[in-house]
Structures are given as C-alpha cells and as structure tokens.
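Structure first, then comments.
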Amino acid sequence: MLQNIRVVLVGTSHPGNIGGAARAMKNMGLSRLVLVDPAMFPHHEADARASGAGDILEGAQVVATLEDALVGCNLVLGTSARDRRIPWPLLDPREAGVKTVEHAAQGEEIALVFGREYAGLTNEELQRCHYHVHIPSDPEFSSLNLAAAVQVLSYETRMAWLAAGGQATKVEKFEVNSVRSTELATMDEMEKFYEHLEATLVNIGFLDPEKPRHLMARLRRLYGRSSVNRSEMSILRGILTETQKAANGEPYKRKDQ
Ligand code: SAH
C-alpha cells in the first residue's frame, strides 16, 4: 500500500535536501521519489545525505513539470509553510497521513508535494492539489527545512499505516488491478477536464480571457474538493461536449433517436 504513495520535490536547489528527503522516506517505508526540475541531480551531496537510502535516489524519477509528476495520481496533497490568497481545504500532517493511507488502501495513487527551499510552491502549483498541508510550526518561524518537512509527513503516513494494521487491505489485494468507476479521477483526467471546462466557458461567454478573475482557480478548488470519481467525470465531460455543441448551434440528439 505504501508503494502507491509518491513524494514529489519541486525545484529543489540543494542536492543535500534531496538526499535527506530520501533517507527520511526510507526510514518510514516510502520508496517512490519524483524530482521536478532539480537544480543539481545526481550529486555527491545527495548521495552523502541519503546515507543508506541510495536506492531511493537511484530509483528517483526526474521530470520537467509538476503536471508530469502527477500523471496517474488520484489524490494530491501539497505542503505549504504559509497561508495563500485563495484559502484551500487544509489538513494538518496527522489528518494528511490518515487520508493518504485511506486512499492508498483503495489502490489509489497519492502524491505528497513539497516546494522550493526559498519560494515554496507557486499558487498555480498549489491549485493543482486537492488539499494543502501545513505543519503547525511557530508562526514566527514557520518554515522547516525541506527534508525535515518530508520527515514529518512520512512519519505521520507511517503512523496512520501502522494504525490501519500496517498491511495491504483486502481491497488492495483483490481490486487494485481492476479499473473501478468509483475510483477518483486521475490528475491527468482532471487537467483535461479543466482545459475542456475553460474552453467551454469561453465559448459560451461566461469567462472573458482578458478578465479571468481567478475563475479557473476557484473552479479547481470546487471540483478538487468534490472528489470527482471516474464515472462522474464522464458525465461532466459529456455535459461540456453538449454545451459546446449547443453554443455552436448544433441540435441536441437524444441517444435513443
Ligand atoms: N519560503 C518558503 C519556504 C519553503 S520551505 C515558503 O514560504 O513557502 C520548503 C518546503 O518545505 C515547502 O515548500 C514545504 O513543502 C515544506 N515546508 C516547510 N515548512 C513547512 C510547514 N510549516 N508546513 C508544511 N510544509 C512545510
């Protein structure tokens, strides 16, 4: 079940932090590391800090964008050291651990996303997440070292996993390979939906591309919070397709006609 969880580090500048994160993960039984556009990797400082967790670094996947890192993911938790302008569903690390394990036990793919040492995650990156996770540090000095933040979330994930019996559930054993319509839509399906939604809203004149007024961010928050599953996603896509046809003056054809 823990193999369904990937740790995503975005734009890391210090290779030592990548090594520290790998070690923190391995101590807690997590193994999948994805690096988005790291400044320096592979690097001897990463190897040194990983200590016995070199296998995690060797298996790390390096990708160009956060979108690439989230392909196939059903649930995305993004960590942030401070409040952002658009408030988002927020979890503390303990709640995040429980949610991560609950979804992983259903055979879903989960991403825990961490930001840059100096600038964290951008608003756009944070808007790709279903939930934000804040470690309740002292507000006067709220930002943890990146590898320390990875340690806190990995630890809480392990505690939740141990509390759940520390093993694969029945659901995972028997259903993990079948595509179930109740499974949450993946991030790539959600991204295609947002593109389709945006195009449709422009088509019908609801969204003015010159004055977007954070509409897409607000809609991402709404649909992200709704935990859309795969069969609901095909309904939403169907509605958009028909809306576009109607906007173009094409008549609606009932399926039985
Ligand atoms: N100045 C940046 C700090 C980044 S710290 C900012 O304000 O966002 C590097 C990364 O460590 C963050 O992007 C986040 O992934 C993680 N992190 C650090 N402190 C955290 C905290 N208190 N809660 C959650 N994540 C934290």
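Highest mean first, how do 92-103, 51-62, 12-23, 149-160 rank when packing is the count of other Cβ atoms within 10 Å averaged over residues?
12-23, 149-160, 92-103, 51-62
Given H placed on each backbone N at 1.01 Å, which residues far from LEU91 in sequence or on other chains put an amide H within less than 5 Å of it?
HIS132, VAL133, HIS134
May I ask you to derive the FRET efficiency for VAL62 and ALA247 from their Cβ-Cβ distance with R0 = 45 Å, giving the value to the nearest 0.05?
The formula returns an efficiency of 0.60 here.
Binning every alpha carbon pair distance of segment 2-87 at 10 Å from zero, what are the percents per bin?
18, 49, 28, 5, 0
May I ask you to evaluate 6.51 cos²θ - 1.76 cosθ + 1.60, the Karplus curve with θ = phi - 60°, for each residue of segment 123-139 and list the ³J(HN,Hα) values in order in whole Hz, giving x for glycine and proline?
Calculated HN-Hα couplings, in order: 4, 4, 5, 5, 6, 8, 9, 6, 9, 9, 10, 10, 7, x, 7, 5, x Hz.
Computed FRET efficiency, Cβ-Cβ of ILE86 and GLU195, R0 22 Å: what is it to the nearest 0.05?
0.65
Collect residues whose amide H, placed 1.01 Å from N in the peptide plane, falls under 5 Å from the amide H of ARG116; neighbours closer than 5 in sequence don't count.
Amide H neighbours of ARG116, under 5 Å, 5+ apart: LEU121.
Can you tell me the 0 to 90 degree angle between the C-alpha axis of helix 230-247 and the longest principal axis of the chain, rounded to 10?
Here the helix axis deviates by roughly 40 degrees.
Once the piece of chain linking SER13 and SER231 is laid out straight, how much longer is it, given 0.36 nm per residue of separation minus the C-alpha distance between them?
74.4 nm
Counting only heavy atoms of protein chains, what accessible area per residue, in Å², does segment 180-247 have with a probe of 1.4 Å?
Per-residue value: 56 Å².
If I model a spin label as a point 7 Å beyond the Cα along the Cα-Cβ vector, how far apart are those points for ALA164 and ASP55 in nm?
Between ALA164 and ASP55, the simple spin-label model gives 2.2 nm.
What Kirkwood hydrodynamic radius, in Å, does the chain give when the mean of 1/r is taken over all pairs of distinct Cα atoms and then inverted?
19.5 Å
Would you mind telling me the share, in percent, of accessible area of the chain contributed by carbon and sulfur at probe 1.4 angstrom?
52 percent
If you place +1 on the Cβ of every Lys and Arg and -1 on the Cβ of every Asp and Glu, how big does the dipole about the Cα centre of the chain come out, in debye to the nearest 20?
560 debye
The values are calculated or read from the model by the stated rules, or taken from the named source; none is laboratory data. The model shown is predicted, which means the values in this text are computed figures rather than measured ones. Cβ atoms come from the backbone with ideal geometry, glycine included; neighbour counts cover every protein chain shown. Note: accessible area is taken over every heavy atom of the protein model, side chains too, but ligands, DNA and RNA are not part of it. Shrake-Rupley method; radii C 1.70, N 1.55, O 1.52, S 1.80 Å.
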